[in-house]
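FYI, it's all coordinate maths here, none of it is from the lab. As the structure is a prediction and not an experimental result, all values here were calculated from the model. Using ideal geometry, Cβ is built from the backbone for each residue, glycine included, and neighbour counts are taken over all protein chains shown.
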């Protein structure tokens, strides 16, 4: 089989890539090992994530699916005190902020909507598991080898391979990319499930995200998924979880009863209706995630921390950027460079650097963060939390954060330097054995 672009993974990054490539008239094939719908975490959209959905022409489908409307985010401090609210706002043509809404999504439904739409618009789906890549004599990636459901092997030739495999980091595990490093939040664990019977806020805020803070690196989320169901999760250090010596289920139930008075008020009785799941060591970064014939998208090359729900947005936005980069590449732009996608890589890295600085500042300087949010840099903080992390950055707010963090991104060696190696030299490169342990 031949195609221009082979996309590994049919999740939001893969489906979004396919649809934006279609806008350029570029053919692609999606390779997906799972049958959709399937469970996935990461249910809250930023404002700019909603903007991508609208750009794809899918707002009517979102409204028809009756996904909860998100108009903002509320954070409750330790003991339920010092709360603050972040509204979802867009930048209008006049350059000013205007109220907007986005969505909370049950990922099994949302991801299937995106994949079905990509297929309906003309992108073929190959049901199977990618297990290797093909390379030219010069070492450029030129295709993917796929094991189909019946055991046959299909080799798909392509000019570009997009890795949209998420935290499976397909190309990194094959050694196609540069090294993979632990991130600044690698020793964290997220334990999560769903509840019914939770008490929502009233009015326009009833379906908003709520974050409950207990202490540094110890927090919980509350994300409405439909009229009855709420996604809940607790994020803590792996050491704290091990100290408690509880099952995941018992641990989650106890934490929801103790973590913060405001979550206890909303979930007076914990009725879990979904399997209790966990993700460990989720923070990482892959170096050289683009190269001759390949681009990694979103979680396939970097994930910082889930606290402000950037993950889904970054995957979909980078998918859009990748389509732009591939269109230029096919027109001959930068084809003679050792890495024809180096500009795309640097642009995306600088955007996620903003996310990393934002998250680090929240944890390291919480009082200053609150002052930035309420007093000094309200508009710029709203922009960053909405996902406007690429153009117009660093804003004065982000520049001030970097100064307080003693981080000079203007220096070449500070741009996208792996956080794990910067602050924790003992956090060595993640090898295949480490990755397998993370999955297990």
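General observations
- Secondary-structure-derived ellipticity at 222 nm for the chain, considering helices only, amounts to -10000 deg cm²/dmol, per-run term -39500 (n - 2.57) for DSSP H runs with n ≥ 4.
- On Cα atoms only, tilt of 342-364 relative to the major axis of the chain in degrees: 20 degrees
- Using a Förster distance of 41 Å, the FRET efficiency for residue 153-residue 288 (Cβ separation, nearest 0.05): 0.90
- Sequence-separation-based contact order of region 127-199, relative, with Cα cut under 8 Å and 6+ spacing, percent: 18 percent
- The chain has equivalent-ellipsoid semi-axes of 34, 24, 23 Å, by the square roots of 5 times the alpha carbon gyration tensor eigenvalues, sorted largest first.
- Ranked by the mean number of other Cβ atoms within 10 Å per residue, highest first, peptides 129-137, 265-273 order as 129-137, 265-273.
- Principal-axis tilt of helix 311-330 within the chain, Cα atoms, nearest 10 degrees: 20 degrees
- The DSSP beta bridges internal to the chain are antiparallel in roughly 75% of cases.
- Sequence ranges 106-118, 75-87, 281-293, 329-341, ranked by mean other-Cβ count within 10 angstrom, highest first: 281-293, 106-118, 75-87, 329-341
- Gain on full stretching of the segment that runs from residue 2 to residue 277 - 0.36 nm per residue minus C-alpha separation: 95.1 nm
- Cβ-Cβ FRET estimate between residue 65 and residue 97, R0 fixed at 30 Å, reported to 0.05: 0.65
- Put a dot 7 Å past the Cα of residue 22, heading toward its Cβ, do the same for residue 200, and the two dots end up 3.1 nm apart.
- Exposure proxy order (Cβ contacts within 10 Å, fewest to most) of 49, 296: 49, 296
- Take every pair of alpha-carbon atoms less than 8 Å apart whose residues are at least six positions apart; their mean separation over the length of the chain yields a relative contact order of 20 percent.
- Peptides 316-326, 374-384, 343-353 ranked from most to least packed by the mean count of surrounding Cβ atoms within 10 Å: 316-326, 343-353, 374-384.
- Highest-MSF residue in the chain out of 190, 149, 18 [GNM, Cα springs under 10 Å]: 149
- Relative contact order (%) - region 188-280, alpha-carbon pairs under 8 angstrom, separation at least six: 42 percent
- Against the chain, whose longest principal axis is taken from its Cα atoms, helix 12-23 shows a tilt of about 50°.
- When the alpha-carbon atoms of region 188-280 are used, the pair Rg, Dmax equals 12.6, 40 angstrom.
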